[in-house]
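A.B. asks: Quick one: this structure, given as structure tokens, is what I'll be asking you about.
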Amino acid sequence: MTESILAITGPTSGIGRGAVKALVNDFDRMLLLARNLEKGAVLKEELLELNPDLHIDLIECDLSVLASVRQAAETIKNRFDHIDCLVNNAGMVSTSKEKSVDGYELMMATNYLGPFLLTHELLPLVMNSERKQVIVVSSGAYKFAPMKRPFFKPKRYTPVTGYGRSKLGTLYLAQELHEQYSRKGLKTTAVHPGMVSTNIGKNNVSQSVGTFVFMLLDPFFKTLEEGAQSIVSAVQQPEKYAGFYSDEGEIAAVKQYGSDFKMRREFIDATLEELDLETL
């Protein structure tokens, strides 16, 4: 019997942490792609307490740094020939304009470009598995603003617009995966888990700005358990959610900018060009 493998980004905190704990008995092995290996080691011990038979591999990966993503993918490809389920979970919110080391707007780099590249690199392993599943954590924030050029290095920036566009990008990624690979057996789901109410991003700016931005986002906040369950449900029921957008566990129609096929095509093509890739 082939070993079942889950690979997940952002497992050391928030809904990612909740998801791996809930899925601790669903796979033979977990690949934890984490930026902070110390936190990853702590999580590994916690997971082994829940399931001593689980095999766990810690892999350093900073999604905001393309070189780190490529190195993480190379490490995985050198060790394994398949991945049953890839969960692109990691993401971030920044209330100030920052650049990644590669020169991109930081949220777009972390929430979209890094996961896109990682998915491209690991997709052959996913397609080589029996399960063939990819979960992309998006957000209802995709409705905040339409995609607009320049996509990755915007001249004008607001936190809400920047976050919304990065999550619209992840939704486009899920749609593109489904369109290109569903006939080959790939089961892709875009998940809006609900934003977990934390202080992430607030320490980057003044308290008044941080409070204002998070007040705007507050209707999207859910508990950690609620958010994690949305991911868990999608992982555990691949056939049910394949090809759909899951809004807190409920299959929902994609609205507004998420259904703009012309812009999706333009955005995906621009991504491929930016990352020097021929296809997803």
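A.B. asks: Do we find a residue being aliphatic (A, V, I, L, M) and either at pLDDT 55 or above or within 19 Å of the chain's Cα centre (by Cα) (or both) anywhere in segment 196-208?
C.D. replies: Yes; the residues of segment 196-208 include at least one that is aliphatic (A, V, I, L, M) and either at pLDDT 55 or above or within 19 Å of the chain's Cα centre (by Cα) (or both).
A.B. asks: So, one more: May I ask you to verify whether residue 142 is surrounded by fewer than 24 Cβ atoms within 10 Å (Cβ to Cβ), of a type outside the set (Gly, Ala, Ser), touching a residue at least 12 places away in the same chain (Cβ under 8 Å) and touching a strand residue (DSSP E or B) at 6+ places or on another chain (Cβ under 9 Å)?
C.D. replies: So residue 142 does not fit the description; no.
A.B. asks: Could you tell me which of the residues 103, 18 is in a loop (DSSP other than H, G, I, E, B) and either touching a His at 6+ places or on another chain (Cβ under 7 Å) or of a type outside the set (Phe, Trp, Tyr) (or both)?
C.D. replies: After applying the criteria, what remains is 103.
A.B. asks: So, one more: Condition first: buried (at least 23 other Cβ atoms within 10 Å of the Cβ) and either hydrophobic (A, V, I, L, M, F, W, C) or more than 14 Å from residue 169 (Cβ to Cβ) (or both). Now tell me which residues in segment 97-107 satisfy that.
C.D. replies: 107
A.B. asks: In addition: Which numbered condition in (1) in contact (Cβ under 8 Å) with a residue 12 or more places away in the chain; (2) assigned to a helix (DSSP H, G or I) is the only one that residue 78 fails?
C.D. replies: (1)
The values are calculated or read from the model by the stated rules, or taken from the named source; none is laboratory data. Model, not experiment: these values are computed from the prediction. For neighbour counting, all protein chains shown are included, and Cβ atoms are generated from backbone atoms with ideal geometry for every residue, glycine included.
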